[in-house]
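I have placed the structure first, in the form of C-alpha cells, so that the comments after it can refer back to it.
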Amino acid sequence: MLIGGGGVVTYATASPSDGAGAPGQDRRPVEVYGLALKGTAAGERKLPRTETEQFSLVGVSWTGALKPLEGAAQVRARGLESGEWGAWQDLELNAAPPEEVEAGMRGASQPLWVGPSDGVEARVVHEDGTTGALPKGLEVNLVDPGVVTEAETRLDAPEPAAFVMDASPSSSPSPSPEPTAPPSTMPQPPVTSRAGWGADESKSPDPSEYNPDVKAVFVHHTDGANDYDCAESASIVRGIYAYHTEVEGWNDIGYNFLVDKCGTVFEGRKGGIDRPVLGAHTYGFNRESAGIAVLGTHVSGAASTAALTSVARVTAWKLGQYGADPAGTVQLTAGATQRNYFSTQFTAGERYTFRRVSGHRDGFNTQCPGDALYAQLPTVRTWAAGPVDGLRIASLTDATAKGSAYYTKGTPVVRWAATTPAALIRRYDVLVDGQAVAATSGAGYAKRITLTPGTHTVTVQATHQSGAVSAAAPLTVVAETTAPVFTAAPTLGLRTGTVYTGSAPVTLRWKATDDQALRQVRLLTPQSATFSAAAYLSNRTARPGTASSWSMRAYDYAGNYRDAAATYTPVVLQESAAVRTGSWSARSSSSYLGGRSYSSSAKGASLTWTFTGRSAAWVVSRASSSGQAYVYVDGVKAATVDLRSSATSYRQAIWTRTWSANARHTVKIVVVGTSGRPTVTTDGLVYIR
C-alpha cells in the first residue's frame, strides 16, 4: 500500500497489566478499546503512540454507518508472548452496513483476528494517496475477547424454551412476532450455543426480529489469520460479537451462524437457531436469508473440508425447514439500491435471481467470502442438496480382476469412497443383483458379502440425508469354488545346452486349465517361479544324481488352486560306461565332464549306452575340426549330428530325445569319418529317470 506524505510509522504499545486482562488469569471480561487515528494530511490518518491493554481482534471504524471509507487501511500487531511485530495486514473496508441505521451506529472495516497482542500500529489513506476527505471520527478498535466460563453447551436438537427474549424497551424497530420453528427435511447439526461460547447477553438487550422464512443462505468469511487454534474459536466469536455491538453499534452479532476450520458450528444472532432470525450480514438481502460465516480469511486459501461440511449441514437444515433445494435458485427482493461485487445493479423493491447458496459478494460489493471459498460454494451446494457425490467402489478384497470382471471364492469385501462427507450421508447399502444384502451408516466404507456360485452384479448405493439416492458404477463379480485342473502333470526333459557336474539343462512342461479363468501357475520346488496362464514350459536346470520333486500349483482368479508334482532324477553316464567298438582314445582335462572324455577318428567306431529313463542327451566337445556322428535309438537311426563349431566348446548336450514314460532304451553313436575332420570327442550321456 502506498502512504502519502512519506509514510512515517507510528504505533501503540501496551503497558504491563497487573489487573484485569493480565496473562494467566482464570477469568477476564471482554473489553473493547477505541484509539483515535490522527494526521495532518488531508487523505491520511495514522495511530499515534499510545498505551493499550491486551487485545486479539482489531479493526477501524468511523462516524456514519452508511458512509463508505474510500481508501485503504492496514494494521499490524505485536505478539503478546513473542514481543515481535507481525506483518502489515490489509483490513477489508467494504463490510456490509446495517439496512436500518440507528443512532450511534458506525461504519467499520471487517474485524481482523491477530491473536493475543499488546501493541498495534495502523494507517489509513485515501484511495488516491494524497487527496480526498476521510470520514470523521476514525478509530482503531481493539477487542480483548477475555476469558470466560465456557459451558460448551451444544444445541443438538431444537430447544425453543432455551431462548428467552428480553422485552425491555429499545429504539430498534418493533420486533416481528416470534414465528414457530417448522420441522426440517434435513437433520440438525450440533451447534454450540451462545452460552457455550460465552456471549454476554447484556451487550444485546433488544429483542430479536424474525423473517417470514429463509429462502437463501449467504456464505461469508470473517477475515483474520487462518492459523488460529480451534480452541480459540469461541474467543474469536466473542471478539466479533463485541466488535459488532460495541464498535459498530449493532444490537447483536451480524451472522446467524459461525463455523471454524475444525467444523464447530456456533450460534450467532440470538432468537433461536431453528427460527428465521433477521441477521445483519448481507446488506439489502437480510430479510429473506440466513448468514453463515467461516472464521478466517479465504481470499487465496481454501476453507477446510470440516468447515465446508458444517456449512453444508447448516445450509441443508435451514433451507430444509422451508422446502428449499440448496442446489436451486430463488427470487429475492432487494432491500437497497446498490451494486454487487460483479457490478450487478440492484434496485430496492425489485426481485432478482440468486442461488439458494450464495456468497456475500453476490449481494454486496465485497470480496467476501474470498475467491477460494467462493469457488468452493458449488461443493457446498452439492453436499447440502445431494445426492452423494463421487461415489465409487474403491476395491474388492478377496477377489481378483480380469478384464471387466472380478473373480472370488464367494465372500469378498466391498470397499467404497465418496467425496460427500459422511456427516451428510444417511446410509450405504451393498446391492447384489439389485437386492440390498448389507448396510452401514454414512460413516461406513466397507462390508463383507456372501455370493452364491455364478455371475453377479455388485454395486454400492448411497442415501443422502435428503433422501436422494445414488449408486456406484456396478462391478461384474463371478463367484466360484472349483479348483483348476492339471491336464498334464509336470514333466521334465533334457534340452540342448551346457552340462555341468552340478547342473543339467532341462525343460519343465505342464498343462493347466480352469472352468472360469486360470490366473497363473507357480513352481514351488525345487525352485520357485511364477508363470502366466498361457505358459506351458520353462527352461530350467536340474542337479544330476539328486531326486527332486517338481511341485507346481495352478491358481484361478477366484483364488482356488490345485497342486501337481512329479519326482525326477538326472543321471550322468560317463563315456567309460558305454560299450565300445572300434578305436577310442581317452583324454583328460578339467574342461571335460567328469575331467575325461573319449575321442575317435575311426570310421564306424561306436559307443552304446543302455539305461532306463524317459529322456536322454548326448554330451560332446565341439571344435572347428570336429566331425559327424550317427545317433541310433533302440537300434533305429535317429539323427546325423555335425559337431563342427567355429568356437571350441565343451560339455555340450547337442542331441536330446524325450519319451512319454520311463522305459529301457539304448543310445548308440557311430563315427561317420567325415573327410578332413573325422574326429568325434564325447563326454558321455545324461538321462532322466
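The values are calculated or read from the model by the stated rules, or taken from the named source; none is laboratory data. Treat the numbers as computed from the prediction; the structure is a model and nothing was measured. Neighbour counts are summed over all protein chains in view; Cβ atoms, including those assigned to glycine, are modelled from backbone coordinates with ideal geometry. When the accessible area is computed, the model is the full protein with side chains, heavy atoms only, and any ligands, DNA or RNA have been set aside. Shrake-Rupley method; radii C 1.70, N 1.55, O 1.52, S 1.80 Å.
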- [ ] Just need a number here: residues in the stretch 613-653 that are assigned to a strand (DSSP E or B), touching a residue at least 12 places away in the same chain (Cβ under 8 Å) and either farther than 26 Å from Ala566 by Cα or hydroxyl-bearing (Ser, Thr, Tyr) (or both).
- [x] 21
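Can you pull out the strands (runs of 3 or more DSSP E) entirely within the stretch 338-452 that have at least 1 residues that are among the hydroxyl-bearing types (Ser, Thr, Tyr)?
Filter on the stretch 338-452 gives 351-355, 357-359, 392-402, 405-417, 425-432, 435-441.
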Task: Selection from the stretch 497-538 of residues that are among the hydroxyl-bearing types (Ser, Thr, Tyr) and free of Cβ contacts under 8 Å to residues at least 12 places away in the same chain - done: Ser528, Thr530
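Against the condition at pLDDT 95 or above, over 17 Å from Val571 (Cα atoms) and over 60 Å from the mean Cα position of the chain (by Cα), how does Leu643 come out, does it pass?
Taking the combined requirement at face value, the residue satisfies it.
If a residue must be touching a Pro at 6+ places or on another chain (Cβ under 8 Å) and over 13 Å from Ser599 (Cα atoms), how many such residues does the stretch 643-671 contain?
So the answer is 1.
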Task: Hits in the stretch 656-668 (condition: of a type outside the set (D, E, K, R) and surrounded by fewer than 23 Cβ atoms within 10 Å (Cβ to Cβ)) - done: Thr656, Thr658, Trp659, Ser660, Ala661, Asn662, Ala663, His665, Thr666
Open item on the list: Take the residues in the stretch 515-559 that are of a type in the set (A, V, I, L, M) and closer than 22 Å to Ser660 by Cβ; name whichever of them is surrounded by the fewest Cβ atoms within 10 Å (Cβ to Cβ).
Closed with: Ala547
Task: Which numbered condition Gln54 fails, given (1) modelled with pLDDT of 90 or more; (2) open to solvent by 30 Å² or more (accessible area, probe 1.4 Å); (3) of a type in the set (S, T, N, Q) - done: (2)
- [ ] For Thr382, indicate whether it is at pLDDT below 95, open to solvent by less than 70 Å² (accessible area, probe 1.4 Å) and of a type in the set (Val, Ile, Thr).
- [x] no
Open item on the list: Looking only at the stretch 480-533, how many residues end up being under 29 Å from Pro412 (Cα atoms), polar (S, T, N, Q) and out of contact with any Lys or Arg (no Cβ under 6 Å at 6 or more places or on another chain)?
Closed with: 6
Task: Residues within the stretch 299-313 that are in contact with a Lys or Arg (Cβ under 7 Å, 6 or more places away or on another chain) and modelled with pLDDT under 95, tallied - done: 0
TODO: Give me the pairs, please: first residue somewhere in the stretch 187-206 and modelled with pLDDT of 95 or more, second residue anywhere and open to solvent by 40 Å² or more (accessible area, probe 1.4 Å) and outside any loop (DSSP other than H, G, I, E, B), beta-carbon distance under 6 Å, and either six or more positions apart or on two chains.
DONE: Pro189/Arg313; Pro190/Arg154; Thr192/Arg154
Open item on the list: Looking only at the stretch 410-429, count every residue that is touching a residue at least 60 places away in the same chain (Cβ under 8 Å) and closer than 15 Å to Thr476 by Cα and tell me the total.
Closed with: 2
- [ ] Would you point out the residue of the stretch 232-249, among those that are over 39 Å from the mean Cα position of the chain (by Cα) and among the acidic types (Asp, Glu), that is least open to solvent (accessible area, probe 1.4 Å)?
- [x] Glu248
Task: Those residues of the stretch 261-288 which are within 16 Å of Gly335 (Cα to Cα) and in a loop (DSSP other than H, G, I, E, B), in sequence order - done: Leu278, Gly279, Ala280, His281, Thr282, Tyr283, Gly284, Phe285
TODO: Looking for whichever is open to solvent by 10 Å² or more (accessible area, probe 1.4 Å), touching a residue at least 60 places away in the same chain (Cβ under 8 Å) and under 24 Å from Val114 (Cα atoms) here; the options are Arg287, Arg275, Arg269. Which one fits?
DONE: Arg269
Task: Residues located in the stretch 458-505, provided they are small (Gly, Ala, Ser), surrounded by 15 or more Cβ atoms within 10 Å (Cβ to Cβ) and more than 20 Å from Ser441 (Cα to Cα) - done: Ala479, Ala483, Gly493, Gly497, Ser503, Ala504
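Select from the stretch 229-260 the residues that are part of a loop (DSSP other than H, G, I, E, B), closer than 22 Å to Thr366 by Cβ and not hydrophobic (A, V, I, L, M, F, W, C) and list them in ascending order.
Within the stretch 229-260, Glu248, Gly249, Asn251, Asp252, Gly254, Tyr255, Asn256, Asp260 qualify.
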- [ ] For the stretch 593-612, name all the residues that are among the hydrophobic types (A, V, I, L, M, F, W, C) and part of a strand (DSSP E or B).
- [x] Leu607, Trp609, Phe611
Task: Selected residue (only one of Val294, Val357, Val330 is of a type outside the set (D, E, K, R) and closer than 22 Å to Ile236 by Cβ) - done: Val294
Task: Residue match in the stretch 210-231 (condition: at positive phi, of a type in the set (D, E, K, R) and either touching a residue at least 12 places away in the same chain (Cβ under 8 Å) or open to solvent by less than 20 Å² (accessible area, probe 1.4 Å) (or both)) - done: yes
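Considering only the stretch 560-585, how many residues are open to solvent by less than 30 Å² (accessible area, probe 1.4 Å) and either assigned to a loop (DSSP other than H, G, I, E, B) or hydroxyl-bearing (Ser, Thr, Tyr) (or both)?
Selection size over the stretch 560-585: 4.
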Open item on the list: Which condition from (1) hydrophobic (A, V, I, L, M, F, W, C); (2) surrounded by 20 or more Cβ atoms within 10 Å (Cβ to Cβ); (3) under 19 Å from Met186 (Cβ atoms) is the one that Leu373 breaks?
Closed with: (3)
Task: Members of the stretch 81-135 found to be aromatic (Phe, Trp, Tyr) and either surrounded by 17 or more Cβ atoms within 10 Å (Cβ to Cβ) or modelled with pLDDT under 90 (or both), listed by number - done: Trp113
